[in-house]
Number of protein chains: 2
Amino acid sequence: MTRNELISLIKERKSFLCVGLDTDLNKIPQYLQGQPDAAFLFNKAIIDATIDYAVAYKPNLAFYESMGIEGLVQLKKTMDYLHSLDKKAFTIADAKRGDIGNTSKQYAKAFLDPQGDFNFDAMTIAPYMGEDSVTPFTAYEGKWVILLALTSNKGAFDFQFLESDGTKLFERVLQKSKEWGSEENMMYVVGATKADMLADIRRIVPNSFLLVPGVGAQGGSLEEVCRYGLTKECGLLVNSSRGIIYASNGEDFAQRAAEEARKLQQQMAAAMGL
Amino acid sequence: MTRNELISLIKERKSFLCVGLDTDLNKIPQYLQGQPDAAFLFNKAIIDATIDYAVAYKPNLAFYESMGIEGLVQLKKTMDYLHSLDKKAFTIADAKRGDIGNTSKQYAKAFLDPQGDFNFDAMTIAPYMGEDSVTPFTAYEGKWVILLALTSNKGAFDFQFLESDGTKLFERVLQKSKEWGSEENMMYVVGATKADMLADIRRIVPNSFLLVPGVGAQGGSLEEVCRYGLTKECGLLVNSSRGIIYASNGEDFAQRAAEEARKLQQQMAAAMGL
């Protein structure tokens, strides 16, 4: 999906909501547990309930990998379902990959290749190994790297704020990575729990899309994120995972997910003045 | 596998060789290509040919993921085979994972859990997200985190050498991570292409095991690695991937792999004085 297509989708749905599919078989409603394809059936119900309010879905690879090979089968069914819908959505493999060039090329093939099992639009990438670990992912037309800049967790303070020559590590990642891609194929992860840093970040990447996790269960505020992060073309994808998909663990889970997604969508429409 | 068991294995085989299973269906011998279970059959032949000269095997996850779900089936067969052998080996998931705590916990379950599909002894982890992204992997008894410190690629120079308060980022990773684990459950990736940095690294982690990629195809020197990296309990696992597994792409590939592994093992035995 190109940048323009993504911006059109955001305007059309009046939403920049990304629903995180952190599907955990211990947390889905009991009546689904133990059914064949339980993870896929859960995801399908969540997607059907939220797609009018969301523009993106972000399966968290860890949750599928922890189910073993069967988990990847469930992920493939989820992706096939998303690709089959008339209502389009931007798809993100939350994979946090990154390795030497010839290995990153294989990860790109695994998740972004249109002929592959998954065909995601984007994937999250860790920056520690530098340029040749990132650029293989931008080689696919219309596909995106979402580079970790400032993450939402406590451990972000261990290294991401280290300063050299007056520049923090996450700022250096933003600056340096502008040489590796463009606003058309590179986004950044910026945690909502550190929304006060967004003004600084916007000085480095004024127009780039930011993927913002941490609203909801992790404590970030949507209002703060919008105040400092919104651009005139939106420039944000705000993710909520647990706050939507586990809003209820009863048979009303999909309806409750829709309600939570709709609440966020309405706040987002208001923030964009739509 | 505990540290003592690993040290015993190294002494017994007079080797600290790790064979990287970067299995690429386009590079394996033509007569195997297109056969069912080609990747597993290739790995099995490599393992059988090299296990007398190697103490560890390191499947590179990217190469299996790039084959789609079928690739993970091939990986599971490979791991099941390794676990079935009387001759033991240390197994490393070269996965470069790392995410917020509750997600890292899922990755740990995916690759380290004895009840899971793979049951690796260790996995490689990227440090960018800090403590809570790393510690879930040390929660499994007898299992190891192998944290990226100084990688073997060109992109290592983008961020890993950035200095703050006189300390380079990779040195900070080494220092900080000593609070998260011990010499019994944490190793570090240090690229052989930067062997001259090993003396500095040994000042920070004098006894820790180092996993050293980059000997062979990437240009690193085993002699240099040993000069600066060996400890009295060895303290090294030196990886070779392409130099062994693709030593020949003919029907003699396993025999040629054995020869290359044996050459390295003999140099290693000499370096250890065994």
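The values are calculated or read from the model by the stated rules, or taken from the named source; none is laboratory data. Keep in mind that what you see is a predicted model, and the values were worked out from it rather than measured. Every residue, glycine as well, gets a Cβ built from its backbone with ideal geometry; the counts of neighbours run over all protein chains shown. The protein model used for the area step is the full one, side chains on, heavy atoms only, and it has no ligands, DNA or RNA in it. Shrake-Rupley method; radii C 1.70, N 1.55, O 1.52, S 1.80 Å.
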### Summary
Taking Cα pairs closer than 8 Å and at least 6 residues apart, the relative contact order of chain B in percent is 22 percent
### Message
Tell me the volume per residue, in Å³, of the convex hull enclosing the alpha carbons of the range A:120-191.
### Response
89 Å³
### Heavy-atom accessible area per residue - the range B:41-111, 1.4 Å, Å²
27 Å²
### Descending Cα extents along the principal axes, the protein assembly as shown, whole Å
74, 54, 39
### Query
Where nothing but the Cβ of Lys and Arg (+1) and of Asp and Glu (-1) is charged, how large is the charge dipole of the protein assembly as shown around its Cα centre, in debye to the nearest 20?
460 debye
### Query
Kirkwood Rh over Cα pairs of the range B:1-156 into Stokes-Einstein at 37 °C, 0.692 mPa s: D in µm²/s?
201 µm²/s
#### Entry: Kirkwood hydrodynamic radius (C-alpha pairs) into Stokes-Einstein, the range B:81-214, 20 °C and 1.002 mPa s, D in µm²/s
140 µm²/s
### Task
Please list A:174-182, B:31-39 highest first by mean number of surrounding beta-carbon atoms within 10 Å per residue.
A:174-182, B:31-39
### Task
Taking a label point 7 Å out from Cα toward Cβ, give me the nm distances from residue A:167 to the same spot in the other copies, shortest first, one decimal.
2.2
### Task
Place a +1 charge on the Cβ of each Lys and Arg in chain A and a -1 charge on the Cβ of each Asp and Glu, then give the dipole magnitude about the Cα centre in debye, rounded to the nearest 20.
380 debye
### Pairs of Cα atoms farther than 25 Å apart, chain B, %
42 percent
### Task
May I ask you to report, in nm to one decimal and beginning with the shortest, the distances from residue A:101 to the same position in the other copies, taking label points 7 Å along Cα-to-Cβ?
4.0
### Inter-chain shielding of B:160-173 (mean C-beta neighbours from other protein chains, 10 Å cut-off)
3
### Summary
Contact-by-burial set, the range A:50-73, min loss 30 Å², accessible area of protein heavy atoms with 1.4 Å probe, reference chain alone, gives A:62, A:63, A:65, A:66, A:69, A:72
### Task
Please give the calculated 222 nm ellipticity per residue for chain B, where each DSSP H segment of at least 4 residues contributes -39500 (n - 2.57) and the sum is spread over every residue; nearest 500 deg cm²/dmol?
-12000 deg cm²/dmol
### Shielding by partners - mean other protein chain Cβ count within 10 Å, residues of A:129-136
6
### Task
Between the label point of residue A:41 and that of the same position in each other copy, find the distances and list them shortest first in nm, with every label point placed 7 Å from Cα along the Cα-to-C-beta direction.
3.9
### Summary
Of every hundred units of 1.4 Å-probe accessible area on the range B:124-243, the number belonging to carbon and sulfur atoms, as a percent, is 45 percent
### Message
Of B:34, B:206, B:64, which is farthest towards the positive pole of chain B's charge dipole, taken about the Cα centre with +1 and -1 on the beta-carbons of Lys, Arg and Asp, Glu respectively?
### Response
B:206
### Task
Name the residue farthest towards the positive end of the dipole of the protein assembly as shown from the options B:166, B:51, B:193, assuming +1 on Cβ of Lys and Arg, -1 on Cβ of Asp and Glu, about the Cα centre.
B:166
### Query
Quick one: what do you get for the range A:195-274 if you divide its Cα Rg by 2.2 N^0.38 Å?
1.18
### Among the listed pairs A:105/A:154; A:154/B:176; A:168/B:168; A:194/B:96; A:168/A:194; A:88/A:178, those beyond 19 Å (Cα-Cα)
A:105/A:154; A:194/B:96; A:88/A:178
### Query
If you put +1 on each Lys and Arg Cβ and -1 on each Asp and Glu Cβ, how big is the dipole of the range A:144-200 around its Cα centre, in Debye rounded to 20?
160 debye
### Message
Show me you know the interface measure: the accessible area buried between A and B, both chains summed, probe 1.4 Å, in Å² to the nearest 100.
### Response
4800 Å²
### Task
Run the quick spin-label model on residue B:207 and residue A:87: label points 7 Å from Cα toward the beta carbon, then report their separation in nm to one decimal.
6.0 nm
